[in-house]
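See below for the structure under consideration.
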Amino acid sequence: MKFSNLALTALLLAAFPLATQASAHEGVARGGVSFAEPLDGAAVPGEFKVVMQAEGMAVQPAGEIVDGTGHHHLIVDGDCIAEGAAVPKDDTHMHFGKGQIETTLKLAPGEHTLTLQFANGKHQSYGKDWCHTIHVTVE
């Protein structure tokens, strides 16, 4: 069977979105957390907005452990929490157990790291795969 150049081009173009959808789906299945705001390396004022994102899991208030869900924790000048370990609750480990995805943060001038850690309904960390750190300079 012979195809014209036009028919072959149409066939290839029709197949391309399927390949794109497959790779996009793999990324979502893997998932992770990130900051929509501020960006890594940003210079920010002493009080600034933080917007948190999760892809591949739904954000849900703390309480129950439900597969495929969790909530955010923001760690100032600290590291990821080991998988399965409870996220501490203190001045540097902020819990967003009501399912919040944004907050306003006040920090002293200087260099800081912001670490976003996703955890289940009992505040047990999903580990490094669900952790993301950025650097900001507070002016």
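So how far apart, in nm, are the two label points at Thr137 and Lys49 if each is 7 Å from Cα heading toward Cβ?
Calculated label separation equals 2.3 nm.
Could you compute the net charge surrounding Asp79? Neighbours are other residues with a C-beta less than 15 Å from the C-beta of Asp79; K and R count +1, D and E count -1.
On the way: positive: Lys128; negative: Asp77, Glu83, Asp90, Asp129.
Every neighbour counted, the sum reads -3.
How much length is gained if the chain between Thr92 and Val66 is pulled fully straight, taking 0.36 nm per residue apart and subtracting their Cα-Cα distance, in nm to one decimal? Could you put the intermediate results ahead of the total?
Details: separation 26, 0.36 × 26 = 9.36 nm, distance 2.62 nm.
Stretched fully, the Thr92-Val66 segment lengthens by 6.7 nm.
At R0 = 22 Å, how high is the FRET efficiency between Lys128 and Ala58 if r is their beta carbon distance? Nearest 0.05 is fine. Before the final figure, lay out each step's value.
Values: r = 20 Å, r/R0 = 0.92.
Approximately 0.60, to the nearest 0.05.
Check the straight Cα-Cα distances from Lys98 and name the lysines below 28 Å, setting aside those fewer than 8 residues away within the same chain.
Lys49, Lys89, Lys106, Lys122, Lys128
Quote to one decimal, in nm, the extra length available between Ala82 and Asp40 on full extension: 0.36 nm per residue of separation minus the C-alpha distance between them.
Between Ala82 and Asp40, full extension yields an extra 12.9 nm.
5 Å is the cut-off here: which amide hydrogens, built 1.01 Å from N in the peptide plane, fall below it relative to Ala85, excluding neighbours closer than 5 in sequence?
Ser125
Every number in this text was worked out from the coordinates using simple rules, so none of it is lab data. Quantities reported herein were computed from a predicted structural model and do not represent experimental measurements. Here the Cβ is made from the backbone with ideal geometry for all residues, glycine too, and neighbour counts use every protein chain on show.
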